[in-house]
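These notes are about the structure you will find just below.
Please treat every number below as a calculation from the coordinates, not as lab data. Everything quoted here is computed from the prediction, not taken from an experiment. Glycine also receives a Cβ, built like all others from the backbone with ideal geometry; neighbour counts cover every protein chain displayed.
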């Protein structure tokens with residue numbers, strides 16, 4: 001069927017929801033019941049057109065019946081948006097939830113809206129893993145993937161509500177514990193790159209994450225630790241070792257181009273050095289460098305003056 005160019009609002013009148021998410025849901029419901037056969041998609045525009053084309057196949061009274069049927073399906077299978085607000089407003093929570101749905105299968109009821117489909121086995125983490133956008137590159141795509149999963153499981157609201165609330169409770173427990181990477185700044189690209197590489201080197205990074213920039217690497221690093229089921233004391237020891245490794249790295253960087261200087265000076269001279277350091281607002285190392293550089297320059301300048309004079 002061709003693309004309809006008439007009054008689409010008129011055809012969609014009566015639908016309880018007309019958002020992009022709603023049309024993705026309607027499209028998948030129609031596909032799951034064998035009413036359209038264009039293949040599952042999460043393209044909003046494509047789904048909207050699929051629903052439009054389906055409604056165009058029916059006369060007015062039949063169309064009203066189909067709209068009522070879609071509304072019924074929406075009311076019993078689609079979670080209200082507010083159930084996802086805790087993910088929408090928290091990148092860390094959303095990244096954790098996305099990973100959890102992949103690596104921790106949910107236990108569904110025996111039957112779903114899609115159970116009549118031949119060879120249907122129910123949704124689990126493998127199904128979610130095979131969904132489009134399996135490697136989302138940002139918060140928006142990650143949230144869309146989670147919502148898409150819940151919208152296309154075909155399970156009743158009671159089960160979906162229990163599932164999302166159980167996840168929320170599990171997240172609250174994680175969130176109320178100490179943050180695993182307080183010493184890593186999410187805006188420091190060097191730290192974020194290093195942290196993700198460190199986890200990979202120690203086989204702690206989850207392969208489900210494919211971060212493409214430092215912000216995503218930070219989220220993937222934190223989520224890998226959040227999703228790790230090892231005892232919290234073991235995890236704490238790992239993060240302590242990780243922080244020590246970072247501190248050592250920064251210390252070595254600071255020492256580049258420097259040589260140790262071990263010597264003894266008189267107490268009176270040390271007191272004078274301390275006073276000079278305080279006056280200049282520098283540490284002792286900087287003050288010593290300043291004194292040496294100053295004296296060296298005076299000798300070099302004096303030597304150049306006499307060499308020039310006696311040419």
Going highest first, how would you order 264-271, 154-161 by mean Cβ packing within 10 Å? 154-161, 264-271
Counting other beta carbons within 10 Å of each residue's own, what order do 13, 252 fall into, fewest first? 252, 13
Of the convex hull enclosing the alpha-carbon atoms of the stretch 142-257, the direction-averaged projected area in nm² is 8.9 nm²
Which of 237, 52 has the fewest Cβ neighbours within 10 Å, and the rest in rising order: 237, 52
Classify the stretch 178-221 as rounded, prolate or oblate from the Cα gyration tensor: take a ≥ b ≥ c as the square roots of its eigenvalues, call it rounded if a/c is under 1.5, otherwise prolate when a/b beats b/c and oblate if not. oblate
Tell me, in nm to one decimal, what length is gained between residue 286 and residue 300 on full extension, where the rule is 0.36 nm per residue of separation less the Cα-Cα distance? 3.0 nm
What does the extension gain come out to for residue 46 and residue 107, with contour length at 0.36 nm per residue minus their alpha carbon separation? 18.8 nm
Points 7 angstrom from Cα along the Cβ direction at residue 76 and residue 19: gap in nanometres? 2.3 nm
